[in-house]
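What follows is calculated from the coordinates using simple rules that are stated; it is not laboratory data. Note that this is a predicted model, so its numbers are computed, not measured. Counting neighbours? That spans all protein chains shown, and the Cβs are built from the backbone with ideal geometry, glycine included.
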Amino acid sequence: MADKDLYSGLIRLHILYHASREPIFGLGIMEELARHGYKISPGTLYPVLHGLERKGYLRSREERNGKQARRVYLSTARGKRALEQAKLKVRELFGELFEED
């Protein structure tokens, strides 16, 4: 993907959005992001998830399914508030980007 640095904020917003709706996990969110054209590796995704958790936007827990365990992430109240604010900013930007079209 060309110009990857321009999309990092959009990827974080996608993650926050999905984590505010239901628990997410690494492979699942990678597949969801791929549906939107974001090809992201685990080596890129997990630092993003950990960073969002460190900043208080996500919280995680381990879920076990038999012998296998996976870490799932959910949006915190802070993450949901940040997402609501981001929606306003995205709506404003969207209007500006497409007002000439």
Looking only at the range 37-54, and only at residues there that are within 14 Å of SER8 (Cβ to Cβ) and without any contact (Cβ under 8 Å) to a residue 24 or more places away in the chain, the one that is farthest from the chain's Cα centre (by Cα):
SER41
Specify the residue that is farthest from VAL48 (Cα to Cα); the eligible residues are those in the range 68-101 that are in contact with a strand residue (DSSP E or B) (Cβ under 7 Å, 6 or more places away or on another chain) and without any contact (Cβ under 8 Å) to a residue 24 or more places away in the chain.
ALA69
Tell me the helices (runs of 4 or more DSSP H) entirely within the range 1-70 that contain at least 3 residues that are surrounded by fewer than 14 Cβ atoms within 10 Å (Cβ to Cβ) and among the charged types (D, E, K, R).
4-21
